[in-house]
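Following: one structure in structure tokens, then a few remarks.
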Amino acid sequence: MRLALVLFFLLASPAFAQEWFMRAGDVLFSEVELSDRLRGNTITFHDGGEARFFEDESYSYTYANGGGTAQGQYKVNDDSTVCIDFANGFSRCDLYVLNGERLVMATEDGVRFPIRDVTPGVSD
């Protein structure tokens, strides 16, 4: 029974959950490396959505095609993840990896979103 409980908690841990969607060539970032890539910058996804990572750790995501904007606070972690607490009470964590020359964001359920551009500076 103890072994089953240990295995349950080990397999349910975020570190284990993230392993299943890694792909060959994915390179994780340290907290400093990922913060340097995101903080103060705007990342643009291929659908035109834009995520803005402000210096003060505030965050906004503007959906493509006039779909609105979500606001929140972000935290860069030492496991190559960024967690966002949105103003509406929703929270999420995403994994950022470098695969070759491409920055990729992967959701907790394994959906991958390649980043089209990283633009220095953010605007309100």
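Odds and ends about this structure:
- Normalised by residue number, the volume inside the convex hull of the Cα atoms of region 23-120 is 97 Å³ per residue.
- Rounded to whole Hz, the Karplus (6.51, -1.76, 1.60) HN-Hα couplings of region 57-66, x for glycine and proline: 6, 7, 9, 9, 10, 9, 5, 5, 6, x
- Under the Karplus curve 6.51 cos²θ - 1.76 cosθ + 1.60, θ = phi - 60°, whole-Hz ³J(HN,Hα) for region 28-44, x wherever Gly or Pro sits: 7, 9, 6, 4, 5, 4, 5, 4, 4, 6, 9, 4, x, 10, 10, 10, 10
- Footprinting exposure proxy ranking of SER35, SER58, fewest other C-beta atoms within 10 angstrom first, gives SER58, SER35.
- Using θ = phi - 60° and Karplus 6.51 cos²θ - 1.76 cosθ + 1.60, couplings along region 84-90 (whole Hz; Gly, Pro as x): 10, 9, 7, 4, 7, x, 6
All of the numbers you see were taken from the coordinates with simple rules; none came from a lab. Small disclaimer: the values here were computed from a predicted structure and weren't measured. Cβ coordinates were reconstructed from backbone atoms using ideal geometry, including for glycine residues, and neighbour counts include every protein chain displayed.
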